[in-house]
Amino acid sequence: MRIAEVKTWLVEGIKYNWVILKIISDEGISGVGEGTSWPGSPVVLEACRHAGAVIVGEDPSRIDYIWTKLYRDFNWIGQAGPVLSAISAIDIALWDIAGKRAGMPVYQLLGGAYRQRIRLYANYWFLGGSGEPEEYASQARVMKGRGFTACKMDPFAHVNYWYGEDLAENLSLSEEQKTKAIDRLTAVQEALGPDFPVAVETHALLNGPTAVEMAHRIAEAKINCMWYEEPAGPEFPREIAEIRRQISLPVCVGERMHSRFMARPILELHAADFLMPDITRCGGVSEMKKIANLCETYNVPVAPHNPNGPISTIASAHVMSAIPNFFRQEFMMTDVPWRDAILDKPLPVSDGYFHLSSEPGLGFDLVEEELEKHPGIVRRRAGFYV
C-alpha cells in the first residue's frame, strides 16, 4: 500500500478555522486528520498541503518513520508551529488508516483501553453577552445542566486575547480589570457550587508579578481552581517553575508545547502539576502518547487541550483511552452548527463524557461536500482568529 493523495480543507469554526486533512491510499483506504492552530491558519493549511505532497508514495504503515522524516527534513525552518501542525494532521490520519487496515480502533493499537468514557471539561460555554459577572453565572448554570462537571474560562479578557488590544502591552492589568476578573470567577463559582472545579486561563498574557498576584487573589476568593493555566509563555519554563513555587494554585501548561522535546524541560523543572498537549500541535497521536508516557515518569496527569475541530476531539479521546494518567479532556460546548454535519455521524458526547466505540480506526469519516460548504475565513474580522 502507498499514499496516493492528500486532500486538505480550511473550514470555518466558532472562533477560528479548522485545518482538516485526508490521506487516500492506492488501495482505497483513507484516513482523516486535523492540524488546527491559530492565528495563522492559512499558513498551517499550506504547511499541510506541502507536507502532504512530500509523503505521496510512502508506505502509510511506516507511521513513526514518516513522523521522524518530516520532523528532521523540515527541522531547518523550526521545530514547532506550522511544521508540527502538519505532522500532527498527517500522523492522526495515518493512525486512522492503520486502525481500518487492522479492523481495530486506534486505542486498541495504542495498547488497549483503560477507559472508553472520556471525561470532558467545558470551554466556550460563556460566549453570550459582554462578559458581565451575572451573564457568566447564567451561562454557567446552563453548562452544568448539560452534564459537565468542570469548566474553564479566562476571567481577564473574556473572549478576545490580542496582545496590545485586549490586554496591555506590558502584560499588566488595571485594578478595575483585576477586580472584574475576581467578580467573574466568584459569580461562576457561586452559580456552580463550591465543589465544581473551574480552570483559570491566562493565555500567557500576564507578566510575572501580575500572574503571581492574581493567583493569590483567586486563592483568597476561595475559587475551586482546577488549575491556573499558562502563567507564562512556553519560552519561559524556569519562570513557570518559579511562579508555581510562589503560588498555591495548581499549574497547567502545554497547549503551545510542540513535541516531547518541549515537554521535557517543563517536567524536569517540575514546572507544572498538569500537562495539556494539543494533538493538532504537538505531533498527533504518536507524539501525544509519547508525551503522556513521559508525564507518567514524573507522576503528572495529562489533560488534552482541545478547542479545535471534531477530528481533534476524536483523536485525543483515543489517546486518552490508552494511557493511565488521564485527567480530563477539553471540549467546546458552543460551536458552529456544522461540527457534526462534516462527519458521517455526530460526536458521541453526553453527560459530560465522550463515548468511544469499537469501530475501526478513529471511527468516523468526513462528509466532503459539507466541508466545502463552510470555507475558512481568510480576512480578519472581530472576534475571529484567522
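For the reader, a short list of remarks on this structure follows.
- Taking packing as the residue-averaged number of other Cβ atoms within 10 angstrom, the listed peptides 112-119, 68-75 run from highest to lowest as 112-119, 68-75.
- Long-range HN-HN contacts of Ala199 with modeled amide H, under 5 Å: Cys151, Lys152, Met153, Met226, Trp227
- If only the Cβ of Lys and Arg carry +1 and only the Cβ of Asp and Glu carry -1, the dipole of the range 3-103 around its Cα centre is close to 140 debye.
- Summary of packing: across the peptides 317-323, 217-223, the per-residue average of other C-beta atoms within 10 Å ranks them, highest first, as 317-323, 217-223.
- Neighbour counting of Cβ atoms within 10 Å sorts the residues His216, His305, fewest neighbours leading, into His216, His305.
- Value at 222 nm in deg cm²/dmol, rounded to 500, when DSSP H runs of n ≥ 4 in the chain each add -39,500 (n - 2.57): -11500 deg cm²/dmol
- Among the GluC sites (Glu not before Pro) within the range 143-199, those in coil by DSSP and having at most 16 neighbouring Cβ atoms inside 10 Å are Glu165, Glu169.
- Within the range 35-55, backbone nitrogen closer than 17 Å to the virtual label 7 Å beyond the Cα of Val378 toward Cβ: 40-50
- Kyte-Doolittle mean at least -1.0 and Cα axial length at least 20 Å: DSSP H helices in the chain: 41-55, 82-102, 175-192
- Unit charges on C-beta of K, R, D, E only; dipole of the chain, Debye: 600 debye
- Sorted peptide list for 365-376, 137-148, 95-106, criterion being average Cβ within 10 angstrom, highest first: 95-106, 137-148, 365-376
- Convex hull volume per residue in cubic angstrom - Cα atoms of the chain: 127 Å³
- Each residue, Val212 and Asp344, gets one label point 7 Å from its Cα in the Cβ direction; the gap between the two is 5.5 nm.
- Between the range 157-198 and the range 44-78, the Cα center-to-center distance that results, in Å: 40 Å
- A simple spin-label model places the labels of Glu235 and His270 2.8 nm from each other, with each point 7 Å out along Cα-to-Cβ.
- Extension reserve of the Glu135-Tyr65 stretch, reckoned as 0.36 nm per residue once the Cα distance is removed: 20.2 nm
- When each of Lys345/Lys373; Lys290/Lys345; Lys69/Lys289 is checked by Cα-Cα distance, pairs over 21 Å: Lys290/Lys345
None of the figures in this text is laboratory data; all of them are computed from the coordinates on show. Keep in mind that this is a model prediction, so the values were computed, not measured. When we count neighbours, we look across all protein chains shown, and the Cβ atoms used for this are built from the backbone with ideal geometry, even at glycine.
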